[in-house]
Amino acid sequence: MLGTLSALILVSPSTAQLNQTGNVNWENVGNDKGATRYSKLTQINRKSVKDLQVAWTFSTGDAHPGSTIECTPIVIDGVMFVTTAKVKVVALNAANGKQIWEYDPKGTNVNRGVGYWSDEKPNGARRIIVTSKGKLTSLDAKTGIPDPTFGTNGIVDLRAGMGEAIQNQNYGSTSAPAIYRDLIYVSFHTTEDQPGAPGDVRAFNVRTGQQAWRFHTVPHEGEFGNETWPKDGWKDRSGTNAWSGYSLDTKNGILFAGIGSAASDFYGSDRHGTNLFANCTIALDAMTGKRIWHFQTTHHDLWDHDLPCPPVVCSIMRKGKKIDAVAQPTKTGYVFLFDRLTGKPLYDVKEVPTTPSDLPGEQVWPTQPIPVKPPALSPVTITEESLTNISPEAHAYALEVFRKSRAGLPYVPPSLQGSLVSPGFHGGATWSGASFDPTTNYLYLNTNNAPFLCKVNPNSSGGFELDNYTYFTDKEGYPAVKPPWGNLTAIDLNTGEFAWRIPFGEHPALKAKGIPPTGTQNFGGTIVTAGGLVFIGATMDEKFHAYDKSNGKLLWEYQLPAGGYATPSTYMVNGKQFVVIAAGGGGKLGTKIGDRFYAFALPDSKNKN
């Protein structure tokens, strides 16, 4: 259905942020372009949050077996833009959830949100940018109609000009595009086998759809970093992609990305070396794509330790001096903190010895970088002492698997017998990333502790491939290590220490047995507000939570009908603050699926500042 915004006129976002008596936007998936996910709104606060109630819901109507909704809604002057389980783009009245228009790009992939661009002129151009199934589409924000001056009838085929080799490859984007000035930055998911599509960072002109620049995440011959690959080992190399999206330092014109691992994920005999720019936090000139600095968080990755999210643009205080920084969460359970302009680590990083491989042809890089601070957010090794203790039977089963596997040392590489990898392939941190409070310099993030059994088998090409994505669990399917299996943590970036840390989520069946909260696996991130709150869904118990940001105390929760495996957002319309989250369920956690967005607000009698 196509429609118009009628009285909901889109104006400059800077106008909307002036006060809390009118409209306050959530303009990007990360709110600001630095992806802090921080809101200055205070109407919903520590005192009033107990009165929060459902204001409206919107059903997408397109949930299907195996689906989920990972979209973070953006809101521009009373209009919300979301993507559905089948990646339809929908504009809603953000005050009541009524649909305004819908556009169907015929996509089926997971999508985490859309981008917004304005020429900042009164009654000027306003665009919603979405990626789906290898297509980049620009829509008129008022009508949902594709922009005829962009690409071909509003669509750019992202495979065009990329060569025949990728035409039938997995190539597209799940993350929302980032936008700066007149450029759109697109991230890509690719196949994790060889050969495959490149994971290059690409920028496009927001008005025409023409490619402005392209950065080779696997350096070509003669480019910086090419020497970290064997001769010709860089050719047709897949992976090494910024699939999780981007953050921006708009003051200095820097684009930041966290890069994924190089294909193939679990065996690297054809890519001896450190393999730049795989597993790197990288800073690029936002206008030209030229490299400014990089830092590799895993050398010669054999564990699928992608950098799962873009770094958060933030600042810290050191000896009374403010230092501009970026904070990079990792699947390995560490957070690296860098000087934003130079890439210098703000806390020391040590290269620690790793465990050799027993697979023919494999050459594990002898060391891996570990930051001295902050502490690890998830255990990085598994020992007999760390095996589950929720019951004698669970412990005995875990011990039997443990004794048959390679384990007990950091960075145990894949093996024929099976290696226990901690954290697992899903983190540590995940695509959920982190939020940052600039008033305290606290970083908030949720993490997993769900190890995997990494067993490989010989393949027909003379190498090895993963047997299966197998969790290390007890017979009942719970992680076979001691809980907590999920945590929510606040890190004081000024000191590098935890400000607070709590188990995150619970399993009702274990609670009924009197077992203390264990935490659960979780997907979907935090937001933080000036009202003193951290909002997050994410947990397998399908609850939406509000915590006191100063101490982690649970202040409010709501039982969703399906898991909130997405990052929420908060905004204000006509003086009323709302918090919204997608309840799509399903996904990697395999819980029941849903198709609704839930918006919460205070009762009208209590929504005054």
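The values are calculated or read from the model by the stated rules, or taken from the named source; none is laboratory data. Since this is a predicted model, take the numbers as computed values, not measurements. Heads up, the Cβs are rebuilt from the backbone with ideal geometry, glycines too, and the neighbour counts pull from every protein chain shown. Each accessible area value is taken on the protein alone, full model and side chains, heavy atoms only, with ligands, DNA and RNA left out. Shrake-Rupley method; radii C 1.70, N 1.55, O 1.52, S 1.80 Å.
Full extension from Thr57 to Asp358: what is 0.36 nm times the residue separation minus their Cα-Cα distance, to one decimal in nm?
Working: separation 301, 0.36 × 301 = 108.36 nm, distance 5.40 nm.
Net length gain for the segment: 103.0 nm.
Could you work out the local net charge near Asn389, counting Lys and Arg as +1, Asp and Glu as -1, over the other residues with Cβ closer than 12 Å to its Cβ?
Numbers: positive: Lys482; negative: Glu384, Glu385, Glu393, Asp474.
Charge balance in the 12 Å sphere: -3.
Fully extended, how many nm does the chain gain between Glu223 and Leu554 (0.36 nm per residue separation, minus their Cα-Cα distance)? List each step's numbers first, then the result.
Working: separation 331, 0.36 × 331 = 119.16 nm, distance 5.08 nm.
Stretched fully, the Glu223-Leu554 segment lengthens by 114.1 nm.
Tally Lys and Arg at +1 and Asp and Glu at -1 over the other residues with C-beta under 11 Å from the C-beta of Ile184: what net charge comes out? Walk me through the numbers on the way to the answer.
Values: positive: Arg127, Arg181, Arg202, Arg207; negative: Asp182.
Combined, the nearby Lys, Arg, Asp and Glu give +3.
When the chain is fully extended, how far beyond the present Cα-Cα distance does Ala165 get from Asp467, taking 0.36 nm per residue of separation? Walk me through the intermediate numbers first.
Values: separation 302, 0.36 × 302 = 108.72 nm, distance 2.64 nm.
Taking Ala165 through Asp467 to full extension adds about 106.1 nm, to one decimal.
Using only alpha carbon pairs under 8 Å that are at least six residues apart, calculate the relative contact order of the chain and give it in whole percent.
Values: 1800 pairs, mean separation 88.7, N = 609.
Reported as a whole number, the value is 15 percent.
Mind jotting down the distance between the C-alpha centroids of the stretch 123-162 and the stretch 328-374, whole Å?
Using only Cα atoms to place each centre, the spacing works out to 39 Å.
For Asp492, what accessible surface area do you get with a 1.4 Å probe? Give it in Å², rounded to 10.
30
What spacing in nm lies between the two simple spin-label points modelled at Ala396 and Lys50, each 7 Å away from Cα in the Cβ direction?
The two pseudo-label positions are separated by 4.7 nm.
So, R0 is 51 Å and r is the distance between the beta-carbons of Asp236 and Ile515; what FRET efficiency does that work out to, to 0.05? Spell out each step's value before the answer.
Working: r = 50 Å, r/R0 = 0.98.
So the FRET efficiency works out to roughly 0.55.
Based on the mean of other beta carbon atoms within 10 Å per residue, what is the order of 284-292, 232-240, most packed first?
Working: 284-292: 17.4, 232-240: 21.1.
Top of the packing list down: 232-240, 284-292.
Based only on Cα atoms, what Rg/Rh ratio does the stretch 533-601 have, Rh being taken as Kirkwood's radius?
On the way: Rg = 12.3 Å, Rh = 12.4 Å.
Checking Rg against Rh, the ratio lands at 1.00.
If you add up the charges near Leu416, with Lys and Arg at +1 and Asp and Glu at -1, over every other residue whose beta carbon is less than 13 angstrom from its beta carbon, what do you get?
-1
I'd like the FRET efficiency for Gln99 and Ile145, computed as 1/(1 + (r/R0)^6) with the beta carbon distance as r and R0 of 22 Å, rounded to 0.05.
About 0.90, to the nearest 0.05.
How large is the dipole of the stretch 294-355 about the Cα centre if only Lys and Arg carry +1 and Asp and Glu carry -1, each at its Cβ, rounded to the nearest 20 debye? Provide the component values of the computation, followed by the final result.
Numbers: 8 positive and 7 negative charges, 102 e Å.
Roughly 500 debye for the stretch 294-355.
Using 20 Å as the cut-off for backbone N distance, which residues of the stretch 485-523 belong to the label zone defined by a point 7 Å from the Cα of Lys350 along Cα→Cβ?
Those under the cut-off are 495-498.
Quick one: Debye curve from the C-alpha atoms of the chain, no solvent, what's log10 I(q)/I(0) at q = 0.07, 0.09, 0.10, 0.12 Å⁻¹?
Debye output, listed in q order: -0.39, -0.67, -0.84, -1.24.
When a/c reaches 1.5 or more, the comparison of a/b and b/c decides; with that in mind, is the stretch 392-473 rounded, prolate or oblate per its Cα gyration tensor?
Details: a/c = 3.15, a/b = 1.69, b/c = 1.86.
Note, shape of the stretch 392-473 comes out oblate.
If I take R0 = 22 Å and measure r between the Cβ atoms of Thr367 and Asn109 in this structure, what FRET efficiency does the formula 1/(1 + (r/R0)^6) give, to the nearest 0.05?
Working: r = 37 Å, r/R0 = 1.67.
Calculated transfer efficiency: 0.05.
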